[in-house]
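The values are calculated or read from the model by the stated rules, or taken from the named source; none is laboratory data. Given the structure is predicted, the values throughout are model-derived calculations rather than measurements. Virtual Cβ from ideal backbone geometry, glycine too; neighbours counted across all protein chains shown.
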Amino acid sequence: MENEKAEQLVGPLLISDESIISTYKGLRNQIVFTNKRIISMNAQGITGTKQDYTSIPYSKIQVYSVETVGLGEKLWYGNMSDCELELYFSGVGKVKFEFRGESNIKEICKMISEYVLR
């Protein structure tokens, strides 16, 4: 998903010094990574007109893991297709995001580490 489209969707939620870094779109959901948090938007109901917005601050992430499709090292050094990112949060538990198609999961992991390990 283009960042401009994400700005239309989550712009009113962003604080003054927050900016969108990257965005991903699934069939019924979108994930927006900002410099402060992850915003997950999920369409609900049959028509998908009901929306759920979940704000997940990087400061609450305790652990994350990536599960690939099993091609190992070769895939890790290229763009990945079909992988899962699991994030573990204090007070919330586990949140899982599935990425299909080409996703630069290495950059996502690096970005999360930058914000979590500061």
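Yes or no: Arg118 under 21 Å from Glu18 (Cβ atoms) and at pLDDT 90 or above?
No, not satisfied.
Quick one: count up the residues across the range 44-75 that are aliphatic (A, V, I, L, M), farther than 20 Å from Lys25 by Cα and modelled with pLDDT under 85.
Residues that pass the stated criteria total 2.
How about the range 50-67: which of its residues are more than 14 Å from Arg118 (Cα to Cα) and in contact with a Ser or Thr (Cβ under 9 Å, 6 or more places away or on another chain)?
Asp52, Tyr53, Thr54, Ser55, Ile56, Tyr64, listed by residue number.
Being under 13 Å from Met111 (Cα atoms) and not in a strand (DSSP E or B) is the filter here; which residues of the range 10-38 pass it?
Asn35, Lys36
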